[in-house]
Amino acid sequence: MYIEKRVPIDTGLSEEVEQLFSRYSAYMSMLNYMLKQNPELEHTQLFNKKWDECVELYIQLEQKKEHCANMYRPQDENVNYTNYVFEFNTNTLLFTGETIN
């Protein structure tokens, strides 16, 4: 059986994840725009520097998300919560999973 559970999280942590997500999305949009304007940019130092910064942001984002998920994952021996979604507007994590038979 499919189960959903919303868990409130610390506002500060939620804001940190949201900021990282926003910065990462902005970097990806910028890099995409740069390549559409000039495909040869992909092989320049500027592009490589921005790409490395984007990768670093992605790593930070994923680590922070995983930290939050591990901290707030519901402990229920009858449910295996495997997925989660941040709901920034309510500072919650929506965990989804399956019941264990």
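Coordinate-derived values only; no laboratory data. Just so it is clear, the structure is predicted and the values come from calculations on it, not from any experiment. FYI the Cβ positions are ideal-geometry reconstructions off the backbone, even for glycines, and counts take in every protein chain you see.
Checking the structure you have, find out if any residue of the range 27-44 is within 15 Å of the chain's Cα centre (by Cα) and basic (Lys, Arg). Reasoning before the result, please.
Keep residues of the range 27-44 that are within 15 Å of the chain's Cα centre (by Cα), which gives 27-28.
Checking which are basic (Lys, Arg) leaves us with none.
No - not one qualifying residue is present in the range 27-44.
For residues that are touching a residue at least 12 places away in the same chain (Cβ under 8 Å) and loosely packed, with under 12 Cβ neighbours inside 10 Å, scanning just the range 81-101, find the one that is farthest from the chain's Cα centre (by Cα). In this case the residue turns out to be Ile100.
Would you pick out the residues in the range 4-54 that are of a type in the set (D, E, K, R), outside any helix (DSSP H, G or I) and surrounded by 15 or more Cβ atoms within 10 Å (Cβ to Cβ)?
Step one: of the range 4-54, the residues of a type in the set (D, E, K, R) are 4-6, 10, 15-16, 18, 23, 36, 40, 42, 49-50, 52-53.
From what is left, the residues that are outside any helix (DSSP H, G or I) are 4-6, 10.
Selection gives Lys5 alone.
When restricted to residues that are out of contact with any helix residue (DSSP H, G or I) (no Cβ under 6 Å at 6 or more places or on another chain) and either assigned to a strand (DSSP E or B) or at positive phi (or both), the range 55-85 contains 6.
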